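The values are calculated or read from the model by the stated rules, or taken from the named source; none is laboratory data. Model, not experiment: these values are computed from the prediction. Note: ideal-geometry Cβ built from the backbone for every residue, glycine included; neighbour counts use all protein chains shown.
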Amino acid sequence: MSTPSSHSENRQPAASERVIPPVTTHERLVVALVTLLQFAVIMGFTMVMALGPDFATSLGIPLDHLGYIVGSYPLAAAVGTLLWTRHADRFDRRWAVLGFLFGAALCHLIASFATDFETLLAARMLGGLFGGPAAA
């Protein structure tokens, strides 16, 4: 028979007894950077939804085509992420994220100079190809 003292030596500490190490400055910086990254990618997506009627008026786009412009970004982001996952291990993550962010920013800039439905749609799709892997 075992004694009660032998059980206490092998006992796992309860959740309330566990000591959680303090969060380091580096960890806070990483969380802040990921938050800013997600904010930038999501803002690029949501601004088009909010400005959709203005795009339609200024570029002569039928209102029923706005869904294509809004939906092209997440569709291209999904495709870009799936394509990127096959090659992600070949590159340094920091440089890859910076490259994708630069590409997404450039595509947003190109989209701001769009003159018709086709160029805006192409810029949004290209932006999604960069924005999806950047967010992932």
**Message:** So, in segment 47-87, how many residues would count as being of a type in the set (S, T, N, Q), surrounded by 12 or more Cβ atoms within 10 Å (Cβ to Cβ) and closer than 22 Å to Phe113 by Cβ?
**Reply:** 1
**Prompt:** Exactly one of (1) modelled with pLDDT under 85; (2) assigned to a helix (DSSP H, G or I) is unmet by Val19. Its number?
**Reply:** (2)
**Prompt:** Does Arg124 satisfy the condition of being basic (Lys, Arg) and free of Cβ contacts under 8 Å to residues at least 12 places away in the same chain?
**Reply:** no
**Prompt:** What number goes with the only condition from (1) in contact with a Phe, Trp or Tyr (Cβ under 6 Å, 6 or more places away or on another chain); (2) farther than 24 Å from Gly60 by Cα that Ala88 does not pass?
**Reply:** (1)
**Item:** Residue list for segment 30-62, filter: among the polar types (S, T, N, Q), modelled with pLDDT under 85 and over 10 Å from the mean Cα position of the chain (by Cα)
**Value:** Thr46
